[in-house]
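First comes the structure, then the notes that go with it.
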Amino acid sequence: MAYSFRHTNPEMTGVIIKEKVRCGKKNCHCVAGKAYYHKWYHYLYWRDNQNGGVLRKRYIPQGKIKSLKRKIKFEKKRDSAEKLNLRNCLKMYRQMLRDQILED
């Protein structure tokens with residue numbers, strides 16, 4: 001379920017994943033086979049709902065991983081609180097409508 005008010009920065013709904021990667025250089029050891037990768041690089045994955053839900057990916061430098069994880073956790077917690085608040089407001093609105101219909 002997507003909300004239009006949810007985030008001004010859709011990256012804050014994403015998840016950080018660490019991956020093994022190949023650099024693509026011709027003389028590098030990672031070209032040799034399946035077992036040879038450069039380990040571990042962190043990437044942020046998120047859905048860009050403004051462009052049809054396209055999956056996006058961005059490299060995260062080692063020094064910024066912890067702070068970004070904290071920001072994402074905070075934003076997701078805030079998003080949960082907003083959803084709960086919206087749910088409660090809708091519940092109250094429906095109850096008001098029911099009460100008004102019964103009075104008429």
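The values are calculated or read from the model by the stated rules, or taken from the named source; none is laboratory data. Since the structure is predicted, the reported quantities are computational estimates derived from the model, not experimental observations. A quick note on method: Cβ atoms are made from the backbone with ideal geometry, for glycine too, and the neighbour counts reach across all protein chains shown.
Set side by side, the residues Ile60, Ile72 differ, and just one is under 20 Å from Lys20 (Cβ atoms) and touching a residue at least 24 places away in the same chain (Cβ under 8 Å), which is Ile60. In the range 14-35, the residues that are under 24 Å from Ile65 (Cβ atoms) form no Cβ pair under 7 Å with any partner that is exposed (fewer than 12 other Cβ atoms within 10 Å of the Cβ) and among the aliphatic types (A, V, I, L, M), whether six or more places apart or across chains.
When the residues of the range 81-95 are filtered to those that are among the aliphatic types (A, V, I, L, M) and at pLDDT 90 or above, the one that is farthest from Gly14 (Cα to Cα) is Met92.
Of all the criteria given as (1) in contact with an Asp or Glu (Cβ under 6 Å, 6 or more places away or on another chain); (2) touching a residue at least 40 places away in the same chain (Cβ under 8 Å), the one not satisfied by Val54 is (2).
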